[in-house]
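Visitor: Below: one structure in structure tokens.
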């Protein structure tokens, strides 16, 4: 080390644990570099010397590679260097920092130093001095003006990337008169905020405070305080940083008044991420004090607006004008026909590229596809349309292609078709045209790399363009709103309130914050592994721990087994890929070995104090690994607590139950029950002599299908597979249940649905016969039904309905039909497979799923239609599934809507017949009544495969309202007691429940049917509004407002005053089923 060299010095800070709930940090100086002024070599042991450096800022630093035996008196600090890593062993300034941190904040002169030097340079000085950005300056001026008049709750809206954190720091340093409490929504953000406050961020560099002012004493409230003494350390702090769950839940709630007394200013960062109820209750204790809320969007994650007076909003359009964001122009194409969409997207992208090139811009197209097969197909399209641009394909299976990179660099190609390769090797500022061919899955990647499309560092580059098909839902929801020419943040603020977009944004954030911990050997193949392509199964063990030290995993994993290790400190996830080579069982030769790969994911959730471990190796519970990363012996959750994971599921059906018997021989100590035998597992005798070993069940949770498995030994699993951050979200949801002592596992078992093998259909009223669940879980447009040489049609063109039950109830009949064709089927019980379904006349239908084509009756034999009875029981195959305890939920009186039926013929249902409008029909009256309710869109979807007879959509002030309306003619001229009048319309209502909370799929269903109708020469079915307005409502529902769905049956043959017992049973069964499955009540328009 020589004079003139530059030395990089690590940060120096005094840290002290001051209470069970917290610690304090006083930063002496941050990581920085200094020039070596003088070098002297001094003895640090009898045989060894080390360099003593005089640095440019006056400190003398001894640099050693091991703990020195002696330290010369002239050394200010001792720096340990181990390869490229350095850390302080000691420094004279630490003693002073410790002494200052021991003082009460009121005794120090820190705040006076900040406020006396505090200065915000006016905007007209920008360009001459480095100062705050316009949004920061504007926000601070607005805050000062507000506080000159009022201490009312204040909210500042600043888009991400415009300097929100420095604005908070400036408000703290220059405007607060006492201690400040900063509350953030997550542990990860807490760490970032601590780092910023520790050295005042960029405030010195921006001239807001003098360079010589001291750093604040930062308090960190890590755990919920339980007694007032846990808050004493706050008196020594200038600022305290914590997570909202630490101060707004459990025991901490009672200490709210004591906590509030210690602060002058309360700041909530990322306010849109915090649930309204918990924050509002905590904030009440700070009444009369200054309260600031910062957010990128005034809508929270729970859909509720961030309250408080909005002092300042910086729109995205202005951010673009000021150069913080470069505009991305969205180039939408509209092609509902999926088979032609790729060609249309390619044409638009190529046209945009040719236009850019003719304008002198040096741009490149990136076309992104989901699979290699799709990429090859799309590549062929580009080759045929633009061979002069020499399109190339790149995908992960190829590895890094040097030739492709070279071709892009020298412009031998201007079109690259990528498969999951947007972030690997294509970091080019000239990448300016994005063609998104697989829009429903590519939004996360597109958002992650949107910044790359807006780079301005290259030469001859202009604005970016994104081409996507707006006739498919997922991507349009974000891009069509985010990247329009007149983009305004007030219109874009709802980006993260869309669950789909939020999921993608979380993935982007997760990948960007994930770092690799291991260093692969030079001769080690990469295997193409990265967190972006890892897909853990949702299966986990849970361990108690309030601490998480993920970098300590090395002590529990053999180095030669580790292939890759990735840490996301923000998401608190550790991902390991392991490879072992065990001996094979069939030989003693040590040379013959197997190769086993395993994925291990650890996630720590501080809200539940649980560490979750997911692994492909279910024979290992990784207790040593857990002990290493938690710093304590592994304490795994097991026993009856684990079965709490079944809590919250309605219509819970147990598919598998394993029992461990008490006091029996080992050979018969375990029994497994599945299918229709599950009922045997729950007999009083088995319950008295056995304990649950493992359970697998399915049902509905939060209005959506769900499945959960759990075992007495501690494992919880689902059939889902997803990305690492999605596993963490699933695990957190499971953990909240495991910690919920109010969940009674015995009560869960008492209310399950039980399957029973049957050889005759039950003597009950059939409420609904519907498509197999395997169909309902897919998009209508991806399930095709064909007949002979006719062109296949999507499932949305076909309807399915119950006809009747044969005498003796050994079989029943149902019908599948479209507008032009029909087929009858017989569903019989008995035989070697328990049931069989055969076609009994009509058109010969086949079902096409991807490349697979099977006769429809053969498919039904594998996946039978679902049959629901009015009492809530179901038939699946040859199993009758019914609840152990039936809960009757009568239709409330307020759910009967009495309409005026004057002039309506009860026998006429549809408002169109043979091309003529039927003004006195039931559907026409429903249309008139609903039109008066100011719906933006009303679609007549009547016909085979319908979602409803009428689909009504409206944008309301607080929601997007969707009403599915089902009409049915009456069997008589006046309202009466006919049960049949109710059954068929309630059947339609149950079938339509599949659309609840799938608004984007519903819109695609309507738009696809409309497109086919118009292409076939038919008339539009839009009674009110049009396709354009429906797509706009779809975007609003995806991005800005909550979608609330309703189901309305319209049956004038039903009299509110004369509801019979039989009608009441049907209505009650329908109402109860809808509430249990999709959490939507039934309403009925009827006669008086």
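Visitor: Enter the Cα centre distance for the pair the range 529-543 and the range 215-268, rounded to the nearest angstrom.
Guide: Cα centroid to Cα centroid, the span is 35 Å.
Visitor: Next question, about the same structure. What is the packing order of peptides 642-648, 854-860, 131-137, taking the mean over residues of other C-beta atoms within 10 Å and listing the highest first?
Guide: 642-648, 131-137, 854-860
Visitor: Listed highest first by mean packing, meaning other Cβ atoms within 10 Å per residue, what order do 831-842, 981-992, 593-604 come in?
Guide: 981-992, 593-604, 831-842
Visitor: Roughly how far apart, in whole Å, are the Cα centres of the range 78-95 and the range 779-796?
Guide: After rounding, the separation between the Cα centres reads 71 Å.
Visitor: Give the distance, in whole Å, between the Cα centre of the range 570-584 and the Cα centre of the range 1036-1083.
Guide: Going from one Cα centre to the other spans 50 Å.
Every number in this text was worked out from the coordinates using simple rules, so none of it is lab data. Worth saying up front: this structure is predicted, and the values here are computed from it rather than measured. Neighbour counts run over all protein chains shown; Cβ positions are idealised from the backbone, glycine included.
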